[in-house]
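Read the structure below first, then the notes.
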2 protein chains.
Amino acid sequence: MAEGHAQNTSSGQALLYLTDEQLRQGIEAMFFAYRGFTADPDRILEGMSYGRAHHRAIHFIHCAPGTTVNNLLAILGVTKQSLNRVLRTLIEDGLVTSHIGRSDKRERHLTLTEAGEALEQQLSDAQRARMRDAYRKAGPEAVAGFKTVLEAMMDEDMRRAYLALRDGR
Amino acid sequence: MAEGHAQNTSSGQALLYLTDEQLRQGIEAMFFAYRGFTADPDRILEGMSYGRAHHRAIHFIHCAPGTTVNNLLAILGVTKQSLNRVLRTLIEDGLVTSHIGRSDKRERHLTLTEAGEALEQQLSDAQRARMRDAYRKAGPEAVAGFKTVLEAMMDEDMRRAYLALRDGR
DNA sequence: CTTGGAATGTCAACAAGACTGACGTATTTT
DNA sequence: AAAATACGTCAGTCTTGTTGACATTCCAAG
């Protein structure tokens, strides 16, 4: 019972979109939408012994070629051991290369090979196709609102990481 | 290379929000936001031997008291074996009750006990608090757009389930 | 220059939570 | 009476997260 209901504020009607019921709808929408969001890449990956974790690694290596393991760790928010298992298989299968750092030899710089880029294309084409359909149906104003809310929903650290990626391209 | 770039269409400028780069930003925003979205309940659950799976079950039993196992299965999109493991612990711990159906005795109707409702409150208060902050920062128009895009992103079946839940209250 | 601590990354073992497949039971439908 | 449905359970696998232990490399203080 942490907070009261949103409609019981001094502003009254203006805040009707903040009622518990509205918030609950938003929560469920996030749940169902995220399932759709990951469904297409999951389908592609299943049967090739990769999973969502591999997709995420491939995605961010594609976006920041030459990034280090530590960098990736911060973005993905998992332990280095967890990431390592995924990276190892990707390297073994020739989708990712790992080069020892020139200045700091402790670091490993990660890049997608041609085969890696090809898979990345396949995965992100599928995911973008769904995104594009959703965007097209919803229209530009809705898309702007969508992004505004998502940014506000992130943890502070993640928002920084997101904005850095967004503006660094 | 399934589709062309969105800007290369007959409509030209009007569809700039559909460029691959814009779509990629949306994809990353979803990823980071979903992490924030689940972070608070996850924190509460950790250490009490429950996880996100328990949270989801509790959430939907709360929304549809007396629902059957099969109903829950369809909404959550997991196998009955998977759900059963979760339900068993919740019932053992006295958070959920399972009653044999009155008309159809094969069915089990699931309801939250008082303790279950208490935990549900605790979890959804945390999640709603984050949602409320995000909504408040973004404003009502952004929230409307947010929901529009999310609905368009769901699979058809899930949209039906979502709308049924949304309108059935 | 050496040595100890911090940072980076690897290997091994384990747990949660998803999956499949097979089977049993009670009940309803045909 | 037979088939289908709803539910529970056992056993085994897979992905992906965790911790703990350890090797290598860098850097800075003595």
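The values are calculated or read from the model by the stated rules, or taken from the named source; none is laboratory data. None of the values given here were measured: they were computed from a predicted structure. Here Cβ is always computed from backbone atoms with ideal geometry, including for glycine, and neighbour counts include all displayed protein chains. Note: accessible area is taken over every heavy atom of the protein model, side chains too, but ligands, DNA and RNA are not part of it. Shrake-Rupley method; radii C 1.70, N 1.55, O 1.52, S 1.80 Å.
Which single residue of chain B puts its beta carbon nearest to the axis of rotation relating B to A, and what distance, in whole Å, does that give?
Residue plus distance in Å, as requested: B:GLY145, 1.
Roughly how much of B:ASP155 is accessible, in Å² to the nearest 10, using a 1.4 Å probe?
The accessible area comes out at roughly 60 Å².
Report in % the part of the accessible area of segment A:16-138 that belongs to carbon and sulfur, leaving out ligands and nucleic acids; probe 1.4 Å. Present the calculation step by step, with values, prior to reporting the outcome.
Details: 2890 of 5780 Å².
The C+S portion of the solvent-accessible surface of segment A:16-138 is 50 percent.
Mind grabbing the accessible area of A:ARG88 for me, 1.4 Å probe, Å², rounded to tens?
About 130 Å², rounded to the nearest 10.
With charges only on Cβ, +1 for K and R and -1 for D and E, what is the dipole size of the protein assembly as shown about its Cα centre, in debye, rounded to 20?
I would put it at about 300 debye.
Sort A:VAL149, A:VAL78 by accessible area with a 1.4 Å probe, largest first.
From most exposed to least exposed: A:VAL78, A:VAL149.
For B:34-46, what's the mean count of beta carbons from other chains sitting within 10 Å of each residue's beta carbon?
3
Report, for A:ASP157, each distance to the same residue's label point in the other copies, shortest first and in nm; define the point 7 Å along Cα→Cβ.
3.6
So, R0 is 30 Å and r is the distance between the beta-carbons of A:GLU141 and A:GLU21; what FRET efficiency does that work out to, to 0.05?
Calculated transfer efficiency: 0.80.
When Cβ neighbours within 10 Å are restricted to other protein chains, what is their mean count per residue of peptide B:121-128?
Mean partner shielding for this stretch: 4.
Nm distances between the label at B:GLY66 and the same-position labels in the remaining copies, 7 Å along Cα→Cβ, shortest first?
Result for B:GLY66, in nm, nearest copy first: 6.5.
Ordering A:ASP133, A:ASP104 by how much accessible area each has at a 1.4 Å probe, largest first, what is the list?
A:ASP133, A:ASP104
State the number of lysine pairs found in the protein assembly as shown whose Cα atoms come within less than 21 Å, restricting to pairs 8 or more positions apart or on distinct chains.
7
Helix-only mean residue ellipticity at 222 nm, chain B, DSSP H runs n ≥ 4 weighted -39,500 (n - 2.57), per residue, nearest 500. What is it?
-21500 deg cm²/dmol
From the label point of B:ASN84, set 7 Å along Cα to the beta carbon, how far off in nm is each other copy's matching point, shortest first?
3.8
Could you compute how fast segment A:16-138 diffuses translationally, taking Rh as the Kirkwood radius over C-alpha pairs and applying Stokes-Einstein at 37 °C with viscosity 0.692 mPa s? Give it in µm² per second.
For the chosen part, D equals 202 µm²/s.
Explain nothing, just the number: relative contact order of chain B, from Cα pairs under 8 Å at least 6 residues apart, as a whole percent. If you can, show how the numbers build up before the last one.
On the way: 119 pairs, mean separation 31.3, N = 169.
That works out to 19 percent.
B plus A alone minus the pair: what accessible area, both sides summed, probe 1.4 Å, in Å² to 100?
Accessible area lost upon association: around 7100 Å².
How many partner chain Cβ atoms sit within 10 Å of a residue's Cβ in peptide B:15-22, on average, as a whole number?
Values: counts 4, 1, 10, 8, 2, 5, 2, 7.
Taking all residues of B:15-22 together, the mean is 5.
In terms of modelled amide H atoms, which long-range or inter-chain residues lie less than 5 Å from the amide H of A:THR67?
A:LEU110
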